[in-house]
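Asks: I have a structure here, written as structure tokens, and I will follow up with some questions on it.
Taken together, the values in this text are just the output of simple stated rules run on the coordinates, not laboratory data. No experiment lies behind these values; they were computed from the predicted model shown. Cβ atoms come from the backbone with ideal geometry, glycine included; neighbour counts cover every protein chain shown.
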Amino acid sequence: MKYTGIHAISPGSIHPLERLFVNQLTVLDFSYLHAERGLLGESWLASVELGGGLDAQGMVLDFGQVKKQVKQLIDLEFDHRLLIPADHPGLALRGSGHRHRLSFTTRRGEIIEHAAPNDAVQLIDSDQITPAVVAKIIARRLRTQLPRNVTSVRIDLRPEDIPGACYQYSHGLKQHAGNCQRIAHGHRSAIHIERNGRRDPVLEKQWAEHWRDIYIGTREDLRSREDADCHHFAYTSEQGDFSLTLPSSRSVLIDTDTTVENLARHIATSLHADHPDEHFEIRAFEGVRKGALATAG
């Protein structure tokens, strides 16, 4: 994959330039608005490379500080948020105080509306959200926070290499104590389905297609008729009031909160209902290297 970060050396930097790196420092789980596909859940692996002169410890920067400052900025400002392409022509923003409201029209004419506290969104100065654009913004913000001997910042963002089926979904967990309560954050996730003890790539592909580019909503959060052209979700959580409206064709409903444990259970019980004489084990991922197991039958 082409390198997606930024490398900038400020005037008067110390030579020779020393560099350190941390591969896969963290995972950025978020959702964003796409001109063609609408609301997308995403997971990007974030790596960092810093260059500069050595400090009094003989380091460009202590690895503890790298993990603290770089990961903290990504977690606080980008993770579990809705990333908004501020220059997209189909975007209309409204806001007052600590809240914002938006309307986003895709090129296909589909309309997505979102309202939430400001901390649940991040405006990106571009007409589209890409790893290169977001990496450049993160690197620029980091450069102002790091010690003066650090003269270059590279951020690499890329999706996990998933050899099999995967799907991209958004959701919100109103009862969660942390940032998962934000109504439009998401993940890019693999799915493994064992049918009678053997992986079934056909079923994996079917479920990945079923949940491709989708919002998975809890039925009790629905504020409109289920047969309407649009689904309007709303709830109040610890962080405030959240709402999301999108075409009903871009959402699916389940009867529980949309934790990964419940999603794995939903898939397992659905498959067992269709094939009552067979045994299923579901390994549903939530982003990268984590998820839940469920069995039925």
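Asks: With everything on Cα atoms, drop me the angle between helix 260-274 and the longest principal axis of the chain, reported from 0 to 90° to the nearest 10.
Replies: 30 degrees
Asks: Can you give the local net charge around residue 204? Use residues other than it whose beta-carbon is closer than 14 angstrom to its beta-carbon, Lys and Arg +1, Asp and Glu -1. Present the calculation step by step, with values, prior to reporting the outcome.
Replies: Details: positive: 195, 198, 199, 205, 212, 283; negative: 194, 200, 209, 281.
Net of charged neighbours comes to +2.
Asks: Okay, moving on. In the set (1) 40, 18, 17; (2) 35, 28, 23; (3) 37, 24, 16, which value of semi-axes √(5λ) of the Cα gyration tensor in Å was calculated from the structure you see?
Replies: (3)
Asks: Continuing with this model, one more query. Once you put a point 7 Å from the Cα of residue 210 and another 7 Å from the Cα of residue 295, both along the Cβ direction, what distance in nm separates them?
Replies: According to this spin-label approximation, the distance is 2.1 nm.
Asks: Which FRET efficiency, nearest 0.05, do residue 132 and residue 94 yield, Cβ-Cβ r, R0 35 Å? Before the final figure, lay out the partial values.
Replies: Values: r = 29 Å, r/R0 = 0.83.
FRET efficiency, residue 132 to residue 94: 0.75.
Asks: Give the angle, between 0 and 90 degrees and rounded to the nearest 10, that separates the Cα long axis of helix 131-143 from the longest principal axis of the Cα atoms of the chain.
Replies: Computed tilt is about 40 degrees.
Asks: Further, regarding this structure: Take the cross-link list 71/205; 136/174; 68/205; 174/205; 71/136 and give me the ones stretching past 27 Å between alpha-carbons. Provide the component values of the computation, followed by the final result.
Replies: Details: 71/205 33 Å; 136/174 32 Å; 68/205 38 Å; 174/205 29 Å; 71/136 15 Å.
Cα-Cα > 27 Å for 71/205; 136/174; 68/205; 174/205; rest within.
Asks: Using alpha carbon centroids, what distance separates region 245-263 and region 46-96, in Å?
Replies: Answer, in whole Å: 30.
Asks: If you average the sequence gap of Cα pairs under 8 Å that are 6 or more apart and divide by the length of region 217-297, what percent do you get for the contact order?
Replies: Numbers: 129 pairs, mean separation 18.5, N = 81.
Here the relative contact order equals 23 percent.
Asks: Do you know the relative contact order of region 18-159, to the nearest whole percent, from alpha carbon pairs under 8 angstrom that are 6+ apart? Display every interim value, and only then the final one.
Replies: Numbers: 273 pairs, mean separation 42.6, N = 142.
Computed value for region 18-159: 30 percent relative contact order.
Asks: Using the Cβ atoms and a cut-off under 13 Å, what net charge is assigned to the surroundings of residue 235, where Lys and Arg are +1 and Asp and Glu are -1?
Replies: Working: positive: 174, 182, 219, 223; negative: 220, 221, 238, 241, 257.
Once all neighbours under 13 Å are counted, the net charge is -1.
Asks: Tell me which aspartates and glutamates have Cα within less than 19 Å of residue 67's Cα, excluding those fewer than 8 residues away on the same chain?
Replies: Here the aspartates and glutamates satisfying the reach criterion relative to residue 67 are 18, 29, 49, 55, 75, 77, 79, 156.
Asks: Helix-only estimate, please: 222 nm mean residue ellipticity of the chain, summing -39500 (n - 2.57) across DSSP H runs of length 4 or more and dividing by its residues, to the nearest 500. Don't skip to the end; give the middle numbers.
Replies: Values: 4 runs with 45 residues, N = 297.
Mean residue ellipticity, 222 nm, calculated: -4500 deg cm²/dmol.
Asks: Next question. In percent, what relative contact order does the chain have, based on Cα pairs under 8 Å that are 6 or more apart in sequence?
Replies: Values: 696 pairs, mean separation 57.3, N = 297.
It rounds to 19 percent for the chain.
Asks: Tell me the GluC sites (Glu not before Pro) within region 183-272 that lie in a loop according to DSSP and have at most 14 other beta-carbon atoms within 10 Å. Walk me through the numbers before you get to the answer.
Replies: Working: sites: 194, 204, 209, 220, 226, 238, 261; in loops: 226, 238.
When the GluC sites (Glu not before Pro) of region 183-272 are filtered for loop state and at most 14 Cβ neighbours within 10 Å, 226, 238 remain.
Asks: What is the angle, in °, between the Cα long axis of helix 201-210 and the longest principal axis of the Cα atoms in the chain? Nearest 10 is fine, range 0 to 90.
Replies: It works out to around 90 degrees.
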